[in-house]
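**Student:** The structure's right below; bear with me while I get my questions together.
The values are calculated or read from the model by the stated rules, or taken from the named source; none is laboratory data. All of these numbers come straight from a predicted model, not from anything done at the bench. We place every Cβ from the backbone using ideal geometry, glycine too, and count neighbours over all the protein chains shown.
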Amino acid sequence: MATEVATKRNSPFRFLHKLPIRLTFTEKKAPLLISDLAKESDELKKRTHILECAWNQEHDDEEEEEEETREDGVVDGSDDASSTHDIYGDIGNRAPNEFEHIGRFTTFQVYIAWFALFLFAHIREYVTRFGFVKDLSNKENKSMKDFVPLFSDFEAFYQRNCYIKVRDVFERPICSVPGATVDLVDRVSHDGNWTYEYPGTRTNVINVGSYNYLGFAQSAGPCADQSAASIDREGLSCCTTVHERGRSVSQAKLEKLVAEFLGVDDAICFSMGFATNSMNAPCLVDKHSLIISDKYNHASLILGCRLSGASTKVFEHNDMESLERILRDAIAYGNPKTHRPYKKILIIVEGIYSMEGSICNLPGIIALKKKYNAYLYLDEAHSIGAMGKTGKGVVEYWGCDPKDVDILMGTFTKSFGAAGGYIAGAKRTVDHLRVASPTGYYSSPMSPPIAQQIYTSMSIIMGRDGTNDGALRIERLARNSHYFRMKLKQMGFIVYGSNDSPVVPMLIYFPTMCGFYGREMLARNIGCVVVSFPATHMTEGRVRFCISAAHTKEQLDYVLATVCELGSLSRSKFSRRSHLYKNLQIEW
Amino acid sequence: MRNRAKRQQEKLSKKLTERQKDELIAEWQPEPLVPETPQDHPVLNPKYADGKMTKEVSIDGQKYLNMASTNFLSFIGVKRIEERAKSTIFKYGVGSCGPRGFYGTVDVHLDLEKELAKFMGCEEAVLYSYGFATVSSAIPAYAKKGDVIFVDEGVNFAIQKGLQASRSRVEYFKHNDMEDLERLLLEQEQKDKNDLKKAKTVRRFIVVEGLYVNHADLCPLPKIIEFKWRFKVRVFIDESWSFGIIGKTGRGVTEHFNVPMEDVDMVMASLENALASTGGFCVGRSYVVGHQRLSGLGYCFSASLPPLLATAASEAIAIIDEEPDRVQKVTKMSIEGQKKLENVLKGSKFVLQGCPESPMKHIYYDGNDEEKNLDKLVDTVFNDSHLLLTRARYLDKDEMFKVRPSIRVMFQYDLTDAEIDRAVEAIGSAARQM
């Protein structure tokens, strides 16, 4: 600002520059971004070609602009023929991430809804305190009344007065295999969700809430048979830690298969996905390093970053400019506390973000990582098995080289129907993790039936069992996701994320709608997941559908019809772009 | 506030020109992501066991007597548990496909939680899918920045991670030293008197283990409960190793010391040791434990326990209740085993440590080159007498306090007297040779 003021010394309005508002608009020298360099270099040009054509950066609804570019109502992203070829010359249709925003008036209405909720919560609080309504919450022991209270006032307040009202929508118990349909245990509450009674009946509902992307949650079939057989062979547990005497044969076999599946040197498996992230980040970085993570990363990654002691910076969701700016400043200025350069920089992103349904911009991140010599940690919890032509995750989806990603992490819960996590990469990385990860010293290895389930399902995906069952599942999942999303958008709902991702978050914004959707869908025999604050932003409550390869077209049609009906009832169809899809014939 | 940070960032970016930044970027050389690991490290060349890890383990075709696994009540290989697990697979599939909040709660989880609560005599239990994550998620759910936690120095790694994640002020007292703990509590009381307003918001906790895995001794629970009432401190006990084996019916240290369960605020335990399954649980009053259903990170953001492991644990608890002599025989075996081992190690440089009732004991070496000599003992009994022992493994560079290297000896329900005598004799002769 000082240099700009100096040039205006002769201006009659120079007194205005002393005000704390910006009145001059001198030309800013734009930083040398990768898109500028691309104009010089051919190789980078090809990469930005992917960035620009694949990702539609516009956020606002400029309707005139849209009308002139897309008269025929074709989906964003795959208009002209040249953009359908990626850097390897393959034809790949990649749908961009869409984040349609609603108008400011609707956001204001959402805030009013929250305000009303809190107002009523306060009223209820006072009414209960004065004894007009019986207080059914759990109380501390009378003998401990001199102790400092265990919970802060606000935490308990939110739980007692807001959450308890919609508690029946969460933690619904099931009593069958969580496949395309699931049996829910019926429960009734006569005291406002404080306690439940179980009449003993069950309801069969269509399951669009469980993570079952490839439909491997089956109680019969080759996976179940082989898991049961492995219990006879190796027992249920090893009862020692991994390094003491607990190296199991099934886990070693599985690690080799995972490495082969992903196309890297070696892999190591853990028995819990959450612990994989939170316990292994400290092995890779220490307090002299920097972690740059995406805004919407999962809680396990955030915990891992915190436990490692490294400095952390956050970049805007999927925004390459923000990431590049942070990288440049970090390398140029170093650690602001010690004034020394960082020893290493680790970028942490996810393949598919589970609350947004968006796919990360992997080629852009790899290009940046190579330019600035940083390391990349890719968490493919939701995308492994679900994305890519043969199910190898976002790396295959984008056509990138798996050896470019330093650390490929993933979980087995979602697409493989088991539990656990893995980290794969170069042999040197995996050897170091084997020796330095605390999970090896203090916890037992994977249970043999679980390892066997993953082994069998991964073999089926790779086609090793001799059938094309794996390829069929992957194709069914892709078709289901596209069909479902396009239909929802055609009806007029706002859906976040990319068309290719099997996670479909449908925005309903109002917190009051969460309870409505949860209960009405159950009444119509559909089990869905609703999320609101604090898992998402305060103004963006959503219904999250998880599409599975096990869903049939009839089930999806039924769900769509129900959602349409409820959307009209509750006036949740906020999208202003549904005209784009009006004449589109969406086939399965 | 975000705008202010953005403006600060812009100001920062303007200090150096882009050309200068390019030069600095070209000069910067990062460290390699991970250091080299020597290829002959024992972890990279493991020995695999064939078949189940029961009393007899076969490695590379040779049978060994197994005193290295935490299978204290010998639940691995029990037909009843395995059949129940198999029938669960054919009913629910293998994985639960979701976290507890979103269709991952299977009715077997609810049943297991009820059974655990009834077993321990408490109101409610919360089930986790991983033993390590139980303690390290439970402590940060209650203790936040500004609180104070009094911890024994000898606690295990999972508790240390939980303390680190909680960001509270941690005060360590010497292992099982009640005078040291009293001193710390009196200091805290003094601080409270000086600042009464702050004292009303600072929560206080004591975290101890029932049976310390690094030292094989019990915590002095009655004295700690006395401190609880005197200084108004809440008590959390980690019974990962004492659940199922200490006490007349396996209820843990509270039964052993005859302390009523209402006095203890929360008991955290793991299902991976005595119950031969996977997972962990926290049990206590509903007021305390119910909070974790919304704020325990390992509970809310992680997939739930696979149903087959939950039913296996259910079955194991039913067996403990039906066959009370399992726990009693293990206790008797441990007390006698302690005497026999002490006798046989007399005169050698090896020292036995552990409380008599615990089936897990540590053998230390009094002298130089502790690790080398302990390794030599393990190898000698492995090769000569076909006895499987193990060195206790710790991640030394991450542990808060240095743990003395040791060998862990573990007794199982299945072992006959003859086998114990043979094992003890083998250890004794190997020890005397060195």
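**Student:** Based on this model, can you work out whether B:Lys63 counts as more than 7 Å from chain A (Cβ to nearest Cβ), basic (Lys, Arg) and on the phi < 0 side of the Ramachandran plot?
**Tutor:** yes
**Student:** Another question, then. Which count do you get for residues in region A:192-205 that are assigned to a loop (DSSP other than H, G, I, E, B) and not aromatic (Phe, Trp, Tyr)?
**Tutor:** 6
**Student:** Here's something else I'd like to know. State which residue is surrounded by the fewest Cβ atoms within 10 Å (Cβ to Cβ) when the search covers only region B:91-128 and only residues that are β-branched (Val, Ile, Thr) and more than 7 Å from chain A (Cβ to nearest Cβ).
**Tutor:** Within region B:91-128, the match that is surrounded by the fewest Cβ atoms within 10 Å (Cβ to Cβ) is B:Val108.
**Student:** Residues that are under 28 Å from B:Asp417 (Cβ atoms) and among the aliphatic types (A, V, I, L, M), at least 3 per element: which helices (runs of 4 or more DSSP H) completely within region B:228-335 meet that?
**Tutor:** It comes to B:307-322.
**Student:** Could I ask something else about it? Quick test for you: out of A:Val148, A:Val133, A:Val127, A:Val169, pick the one residue that is in contact with a Cys (Cβ under 9 Å, 6 or more places away or on another chain) and among the hydrophobic types (A, V, I, L, M, F, W, C).
**Tutor:** None of the others qualify; the one that does is A:Val169.
**Student:** Go through (1) more than 13 Å from chain B (Cβ to nearest Cβ); (2) assigned to a strand (DSSP E or B); (3) hydrophobic (A, V, I, L, M, F, W, C) and name the single condition A:Leu323 misses.
**Tutor:** So the condition that A:Leu323 fails would be (2).
**Student:** I would also like to ask the following. Only one of A:Lys343, A:Lys313 is outside any helix (DSSP H, G or I) and touching a strand residue (DSSP E or B) at 6+ places or on another chain (Cβ under 6 Å); which?
**Tutor:** A:Lys313
**Student:** If you take the residues of region A:206-222 that are more than 7 Å from every other protein chain (Cβ to nearest Cβ) and outside any loop (DSSP other than H, G, I, E, B), which of them is modelled with the highest pLDDT?
**Tutor:** A:Ile206
**Student:** Quick test for you: out of A:Asp294, A:Asp265, A:Asp286, pick the one residue that is surrounded by 23 or more Cβ atoms within 10 Å (Cβ to Cβ), among the acidic types (Asp, Glu) and either modelled with pLDDT of 90 or more or in contact with a Gly (Cβ under 8 Å, 6 or more places away or on another chain) (or both).
**Tutor:** Exactly one of A:Asp294, A:Asp265, A:Asp286 is surrounded by 23 or more Cβ atoms within 10 Å (Cβ to Cβ), among the acidic types (Asp, Glu) and either modelled with pLDDT of 90 or more or in contact with a Gly (Cβ under 8 Å, 6 or more places away or on another chain) (or both), namely A:Asp294.
**Student:** Something else about it: Can you tell me how many residues in region A:376-390 are surrounded by 24 or more Cβ atoms within 10 Å (Cβ to Cβ) and over 17 Å from A:Val503 (Cα atoms)?
**Tutor:** Here the count works out to 2.
**Student:** Could you grab me the full set of residues in region A:247-274 that are over 20 Å from A:Ser383 (Cβ atoms), within 8 Å of chain B (Cβ to nearest Cβ) and either basic (Lys, Arg) or in contact with a helix residue (DSSP H, G or I) (Cβ under 9 Å, 6 or more places away or on another chain) (or both)?
**Tutor:** Once the filter is applied, which keeps residues that are over 20 Å from A:Ser383 (Cβ atoms), within 8 Å of chain B (Cβ to nearest Cβ) and either basic (Lys, Arg) or in contact with a helix residue (DSSP H, G or I) (Cβ under 9 Å, 6 or more places away or on another chain) (or both), region A:247-274 yields A:Arg247, A:Ser248, A:Val249, A:Ser271.
**Student:** Related question: So which residues in region A:360-377 are away from chain B (no Cβ under 12 Å), in a helix (DSSP H, G or I) and touching a residue at least 60 places away in the same chain (Cβ under 8 Å), if there are any at all?
**Tutor:** Of everything in region A:360-377, those that are away from chain B (no Cβ under 12 Å), in a helix (DSSP H, G or I) and touching a residue at least 60 places away in the same chain (Cβ under 8 Å) turn out to be A:Pro363, A:Gly364, A:Ala367.
**Student:** Checking the condition surrounded by fewer than 24 Cβ atoms within 10 Å (Cβ to Cβ) and small (Gly, Ala, Ser), which residue from A:Ala451, A:Ala436, A:Ala418 passes?
**Tutor:** A:Ala436
**Student:** In region A:178-191, which residue that is under 23 Å from A:Ser383 (Cα atoms) and outside any strand (DSSP E or B) is nearest to the other protein chains (Cβ to nearest Cβ)?
**Tutor:** A:Pro178
**Student:** If you check B:Tyr299, B:Tyr287, which single one turns out to be touching a residue at least 24 places away in the same chain (Cβ under 8 Å) and either out of contact with any Gly (no Cβ under 7 Å at 6 or more places or on another chain) or more than 9 Å from chain A (Cβ to nearest Cβ) (or both)?
**Tutor:** B:Tyr299
**Student:** Can you tell me which residue within region A:343-361, out of those that are crowded, with 23+ Cβ neighbours inside 10 Å and over 25 Å from A:Glu540 (Cβ atoms), is farthest from the chain's Cα centre (by Cα)?
**Tutor:** A:Ile345
**Student:** Does A:Phe484 satisfy the condition of being in the same structural domain as A:Thr181 (by the TED database), among the aromatic types (Phe, Trp, Tyr) and modelled with pLDDT under 85?
**Tutor:** It is false that A:Phe484 is in the same structural domain as A:Thr181 (by the TED database), among the aromatic types (Phe, Trp, Tyr) and modelled with pLDDT under 85.
**Student:** Turning to a different aspect of this structure: Where residues in region A:464-489 are without any contact (Cβ under 8 Å) to a residue 12 or more places away in the chain and farther than 30 Å from A:Val563 by Cα, which of them is surrounded by the fewest Cβ atoms within 10 Å (Cβ to Cβ)?
**Tutor:** Filtering region A:464-489 for residues that are without any contact (Cβ under 8 Å) to a residue 12 or more places away in the chain and farther than 30 Å from A:Val563 by Cα, the one surrounded by the fewest Cβ atoms within 10 Å (Cβ to Cβ) comes out as A:Gly466.
**Student:** Here are some conditions: (1) without any contact (Cβ under 8 Å) to a residue 60 or more places away in the chain; (2) within 21 Å of the chain's Cα centre (by Cα); (3) farther than 28 Å from A:Thr312 by Cα. A:Ser210 meets all but one. Which one does it not meet?
**Tutor:** If we test A:Ser210 against (1) without any contact (Cβ under 8 Å) to a residue 60 or more places away in the chain; (2) within 21 Å of the chain's Cα centre (by Cα); (3) farther than 28 Å from A:Thr312 by Cα, just (1) comes out false.
**Student:** A follow-up question, please. Within region B:336-352, track down each residue that is in contact (Cβ under 8 Å) with a residue 60 or more places away in the chain and not in a helix (DSSP H, G or I).
**Tutor:** Hits for region B:336-352 are B:Gly347, B:Ser348, B:Lys349, B:Phe350.
**Student:** It is to be established whether one or more residues within region B:255-264 are hydrophobic (A, V, I, L, M, F, W, C) and buried (at least 24 other Cβ atoms within 10 Å of the Cβ).
**Tutor:** Looking through region B:255-264, at least one residue is hydrophobic (A, V, I, L, M, F, W, C) and buried (at least 24 other Cβ atoms within 10 Å of the Cβ).
**Student:** Pairs under 8 Å by beta carbon, first residue more than 26 Å from B:Pro260 (Cα to Cα) in region B:101-120, partner part of a helix (DSSP H, G or I) and of a type in the set (Lys, Arg), six or more apart or different chains?
**Tutor:** Qualifying pairs under 8 Å: none.
**Student:** Is it the case, given these coordinates, that A:Glu197 is within 8 Å of chain B (Cβ to nearest Cβ), without any contact (Cβ under 8 Å) to a residue 40 or more places away in the chain, surrounded by fewer than 22 Cβ atoms within 10 Å (Cβ to Cβ) and under 22 Å from B:Glu124 (Cβ atoms)?
**Tutor:** Criteria not met by A:Glu197.
**Student:** Okay, moving on. Among the helices (runs of 4 or more DSSP H) confined wholly to region A:391-455, which include 2 or more residues that are over 19 Å from the mean Cα position of the chain (by Cα) and within 7 Å of chain B (Cβ to nearest Cβ)?
**Tutor:** Fully inside region A:391-455 and qualifying: A:427-436, A:438-442.
**Student:** Looking at (1) in a helix (DSSP H, G or I); (2) modelled with pLDDT under 90, which is the one condition that is false for A:Glu140?
**Tutor:** Failing condition for A:Glu140: (1).
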